[in-house]
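Each remark here refers to the structure printed beneath this line.
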Amino acid sequence: MNACASVFQQAATEYIDSLSNCEGEWLTEQRQAATQRFTELGFPHAGLETWRYTSVEGLLQQDFKITHRTQAFLQHEVIQQFLGEPVAARLVFVDGIYQPNLSGDTGQAGLSIGSLRAAMAAGERSALRGVGSLSGIGDHGFAALNMATLQDGAVIQVSTGVAIQQPIELLYVATKGLSGQVQHTRHRVVLEAGASANLVERYLSLDSESNYFNNLVCEISLGEGASLVHQRAQEESLKAYHLCDVHLDIQGDAHYQGVNAALGGAWSRTTFHARFGGEDANCELDGLYLAGEGQLTDFHLNVDHSVAHCESRENVKGILYGAGKAVFDGLIHVREQAQKSQAHLYNANLMLSRRAEVDTKPQLVILADDVKCSHGTTVGQLDDQALFYLRSRGLDKDQAKRLLSLGFASEIVDSFQSEYLRDHLREEIVKRMSYERQV
Amino acid sequence: MLSIKNLCASVDGKAILNGINLEVYAGEVHAIMGPNGSGKSTLAHILSGRDGYTVSDGEVHYFGQNLLDLETEERAHSGVFLAMQYPVELPGVNNMTFLRESMNAIRKARGEAEIDAVSFMKQVRHRAKQVKLDEKLLKRSVNAGFSGGEKKRNEILQMMMLEPQLAILDETDSGLDIDALRTVADGVNLLRSPDRALIVVTHYQRLLDYIEPDFVHVLASGRIIRSGGKELALELEEKGYEWLQEGAAA
């Protein structure tokens, strides 16, 4: 265990002590076990396959602190500017802490939604609705730290057969106040059999210089025949660190349709773990990452076909510019008994600069013999003919590049159901790419 | 308007143009004809600023400016337009967004105000109707999945919206059936005006049945070997290019 890890271990222990056992025995035990796990694991290192291209040194040098915060403040007017389409429920979090006064009405028949902090304070295990049931106490150091020092998040449950039409939004806004600190967030989402919902997660930084570490875990269980649309947009500052493990448990006939945009962060790492628990389930995921000067964007997939007749499709695109770096690591595992599986995995990268770098590794491990599987990767540049075409119509090189890059991204952006988010993300992509030019 | 003097150019060391001379004045329509490989498309590309060509000799002046010194987009700003033989497909780039950004880029470069959304929509609908381009295609990605005819109609639509001073049509007739050819030609004819010049590059005479040229030039081995009026095109149709090439060689 290195010096840095021991500092974190110390901080985690102090954090748990500061809670003074007010959360109930079960959770306290989990926190302690996770601290122990972290002590054993330490921080991930390049010797581990899924961390091979990702150095955590940059993060550790930031010297982020785990502190026991319970309050944050932001004016209502500031939040207003981030609100898009009408929602079924919205939880607003400022610096990782739930703000009931800024959040909307959350009452709706068949929908139970509240903050993780409130659920933890209730002291009953049932209020947590199975937190940790998909992730365990943590399969890498950061995940263990998350469990050890859980601060807040969302706990959402949709009852059997209930369809929540409008989005359920989790809006995270980081203020300057979060700088230098770690935010440990966890979401637990349960859709009971036949339920359907549309979950939106947004992560924003108010200040472009904000430097903090957002360490998240999201556990989603879809019961038989349930259906979830999941839209994630990470637009944090270029100095923020964003780490998220999404765990999906998809029961028979259930359908998961996710889209993830990772635009910000000095380092941003998103991992999707999907596991099928019954036949005829379906998992679709679209992803977009941007990586510019000083950014490392990591995208990992781990899809486990352990039962027959399931389908998975992942399409992840990246735009790299400046000295941006990206890692794509997609693993689809089709087990021996998972006959008639369909799995398709694509990763395409657009390199706008000679200094940009991508390490891409799509992998299919197929042990069943009657399956339809494919994978593909491309790493390319903008087409000269297309650039000439646009310039011959009066657009300068930068405009032409921007328009073509947006064109490249549009397949993914268009898979956001929210029109507000689609428009907003297009603007945000352009803004981030233009910012690059001025540097 | 356009003055080409002894233009010589090569691609990868291979000479393609061997001393082109051409004067184009406002209001004129020039047809450039010639067999495959004679340098017609190269000439069109060099005028619009495409990379990959080396100009070894000669000059091109456009309204007194050295055209070859200008970037591709600067040529567009000063009114040069190339309707491409093979319009590029741009997946994910919305056709209307592209048109509007192009118009505004040109307006901005000329110090004019950007076009407002309402006027733009009105104009684009009107023009699309004129070239018989399905309005649905305006909302789709530029040329992506368009038929050959739709791509060419889209080129003419762009030309109409951007209102160039010098429009160069590179084999716009290729791949068109007779109805599409007529629509495209009608669109081009609508743009004919005393202050605008057109250069129509074509392999076949048939486009010239619909776009009547003031001058016809025959290009062979990178040189203009014969210039004449519109009757020259008819003579070529009858006798073929060999007739002139033999004459030129003699």
Task: Matching residues, the range A:385-399, being more than 7 Å from chain B (Cβ to nearest Cβ) and at pLDDT below 95 - done: A:Lys397, A:Asp398
- [ ] Look at the range B:74-101 and say how many of its residues are under 23 Å from B:Ala197 (Cβ atoms), surrounded by fewer than 23 Cβ atoms within 10 Å (Cβ to Cβ) and of a type in the set (Gly, Ala, Ser).
- [x] 2
Open item on the list: When you check B:Met161 against the structure, is it in contact (Cβ under 8 Å) with a residue 60 or more places away in the chain, within 13 Å of chain A (Cβ to nearest Cβ) and touching a helix residue (DSSP H, G or I) at 6+ places or on another chain (Cβ under 7 Å), yes or no?
Closed with: yes
- [ ] Sort through B:Lys152, B:Lys132 and tell me the only one that's farther than 20 Å from A:Ser392 by Cβ, touching a residue at least 24 places away in the same chain (Cβ under 8 Å) and buried (at least 16 other Cβ atoms within 10 Å of the Cβ).
- [x] B:Lys132
TODO: Within the range A:58-117, work out how many residues are within 23 Å of A:Arg269 (Cα to Cα) and of a type in the set (Lys, Arg).
DONE: 1
TODO: Within the range A:206-228, track down each residue that is acidic (Asp, Glu) and in contact with a strand residue (DSSP E or B) (Cβ under 9 Å, 6 or more places away or on another chain).
DONE: A:Asp207, A:Glu219
Task: Segments classed as helices (runs of 4 or more DSSP H), wholly inside the range B:6-125, with at least 3 members that are without any contact (Cβ under 8 Å) to a residue 12 or more places away in the chain and not acidic (Asp, Glu) - done: B:95-109
- [ ] Determine whether the range B:59-67 contains at least one residue that is touching a Gly at 6+ places or on another chain (Cβ under 8 Å) and of a type in the set (Ser, Thr, Tyr).
- [x] no
Task: Residues (out of contact with any Gly (no Cβ under 7 Å at 6 or more places or on another chain) and either within 8 Å of chain A (Cβ to nearest Cβ) or among the aliphatic types (A, V, I, L, M) (or both)) located in the range B:95-108 - done: B:Met96, B:Thr97, B:Phe98, B:Leu99, B:Glu101, B:Met103
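Give the residues of the range B:186-227 that are among the small types (Gly, Ala, Ser) and more than 12 Å from B:Glu28 (Cβ to Cβ), sorted by residue number.
Of everything in the range B:186-227, those that are among the small types (Gly, Ala, Ser) and more than 12 Å from B:Glu28 (Cβ to Cβ) turn out to be B:Gly187, B:Ala220, B:Ser221, B:Gly222, B:Ser227.
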Open item on the list: Looking at the structure I just gave you, is A:Gln108 modelled with pLDDT under 95 and farther than 30 Å from A:Leu60 by Cα?
Closed with: yes
Open item on the list: Anything in the range A:357-384 that is within 14 Å of chain B (Cβ to nearest Cβ) and closer than 22 Å to A:Ser434 by Cα? List them, or say none.
Closed with: A:Gly380, A:Leu382, A:Asp383, A:Asp384
TODO: Look at A:Gly324 and say whether it is away from chain B (no Cβ under 14 Å), surrounded by 17 or more Cβ atoms within 10 Å (Cβ to Cβ) and touching a residue at least 24 places away in the same chain (Cβ under 8 Å).
DONE: yes
Task: Test: residue in the range A:346-356 that is within 12 Å of another protein chain (Cβ to nearest Cβ) and within 27 Å of A:Ser205 (Cβ to Cβ) - done: yes
- [ ] Take the residues in the range A:17-57 that are buried (at least 18 other Cβ atoms within 10 Å of the Cβ) and over 13 Å from A:Ala144 (Cβ atoms), then tell me which one is farthest from the chain's Cα centre (by Cα).
- [x] A:Glu23
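The values are calculated or read from the model by the stated rules, or taken from the named source; none is laboratory data. Source: prediction; values computed, not measured. In this analysis, Cβ positions are derived from the backbone assuming ideal geometry, glycine residues included, and neighbour counts consider all displayed protein chains.
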